[in-house]
Amino acid sequence: MTTVRASGALAEPLEPVGRGWTAALSLANGAIWVGWFGPLQILLASQAKDFAPGSGMSKETVLAWVTGAGAVVSLLANPLFGALSDRTTARAGRRTPWIVAGSAGGSLALLLLARAGGMWSMALGWCLVQLTLNAAFAAVTAAVPDRVPRLQRGAVGGWLGAAQILGVVGGTGLATVSGGTGAGYAACAVCTAAGVLPYVLRQEDPRLAVEDRPQWSWRGFLAGFWLSPRRHPDLGWAWLTRFLINLSNALVLLYLLYYLRDRLHRPDPGQGVLILTAVNSLTLVATVVAGGVWSDRAGRRKPFVVWSGVLMAVATAALAGWQTWPGAIVAAAVLGVGFGVFTSVDFALMTDVLPKALDRGKDLGVINVANALPQVAAPALAAPIVTYLGGYRVLYLVAAVIGLAGAVLVGRIRGVE
């Protein structure tokens, strides 16, 4: 077990973390993503299809409303729990209590979601999943700048990214092979709860001294959502680039099940989603750690983020122009290469532009809004495009343009090479 002195809770980390710490935190991160993406890839879409006839809406609209409502909860939950963990003085540390509470709560919420009987109970269950799992995710993310030196963050970010995509694959696989919606939710719930145990049981978290705890005010917390371009321009530009690239990716993923069923006419679209996710994951895992390590050794972040964003935009445009099953497989593979590098290096870039150690959890929570906000914006953009403005071809062209804009704007960040 690694021992960390309480006085180091706010210090800039200098000692590299070991493989055991990185592996345990990565496993916890992957478990959280299982809880998110089993529902997002398969289970919510299946429930929306079942509940749509009684709601008077299409399945696409039901799914858009439910995922959008959950994303709104996520917008506040991630920075809120990040700020609360910044102020936690428990003996177990600042982050561990929230990892435990969030993963346990998320598992229970997934079981509740499995029992949804209509659109409204489905939306409530998904909002509870987002609330609780964001508490755990905010704490996991903040543990990295707490413990990892700057020139190791690309590598650690790579392993966290690999665990993230394995969590996406694992959640999709569990949802597909478990034998029904209820069984899929139960399998995801068990995996989410069990995956955090190695970290919370074996890794000691830096404890914050009571006298170092920052004071809390709702006014200050809400003011923290504003990333002043004058005071922190790099943080603002970094947030915007992450938002745009994640929005592009969200537009690709949101209706993937329906795209395979309605546009490519796959006989088993659920299995098709699993295959594409697996292909995407193989290429992502092949590049996510290597990209992070390479950027650590080069001492540079921006070129990696720029070119990975461009590659993702090209692959997304291919979905618009090559609407066949082989085209979808190629696009999934290329997207994995780009998103692998982006995931690890962009995470390291984000931690490099944080203003101060005292608010690491809150600031990363605000940055993580750039992951959640696309879940709100994507349904609002995608539903009318697919229904009225040209269908999936136009949707993927719009997604490609948005992702390309995110890649180009990385050049506005001046504080890192």
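At-a-glance table
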{"read-out": "Extended-chain gain in nm, criterion 0.36 nm per residue less alpha-carbon gap, Arg150 and Asp50", "value": "31.2 nm"}
{"read-out": "FRET efficiency, Trp307 to Ile329 (Cβ-Cβ, R0 22 Å, nearest 0.05)", "value": "0.45"}
{"read-out": "Relative contact order [Cα under 8 Å, 6+ residues apart], the chain, whole percent", "value": "27 percent"}
{"read-out": "Relative counts (whole %) of C-alpha pair distances in the chain, using bins that are 10 Å wide", "value": "5, 23, 35, 26, 9, 1, 0"}
{"read-out": "Net length gained if the chain between Arg19 and Glu204 were fully extended (0.36 nm per residue, minus Cα distance)", "value": "65.2 nm"}
{"read-out": "Ordering of 275-286, 149-160, 386-397 by packing [mean C-beta count within 10 Å, highest first]", "value": "149-160, 275-286, 386-397"}
{"read-out": "Burial ranking of peptide ranges 44-55, 59-70 (average Cβ count within 10 Å, highest at the top)", "value": "59-70, 44-55"}
{"read-out": "Per-residue [θ]222 nm for the chain (sum of -39500 (n - 2.57) over DSSP H runs n ≥ 4, rounded to 500)", "value": "-25500 deg cm²/dmol"}
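All of the numbers you see were taken from the coordinates with simple rules; none came from a lab. None of the values given here were measured: they were computed from a predicted structure. Every residue, glycine among them, receives a Cβ derived from its backbone with ideal geometry; neighbour counts consider all protein chains shown.
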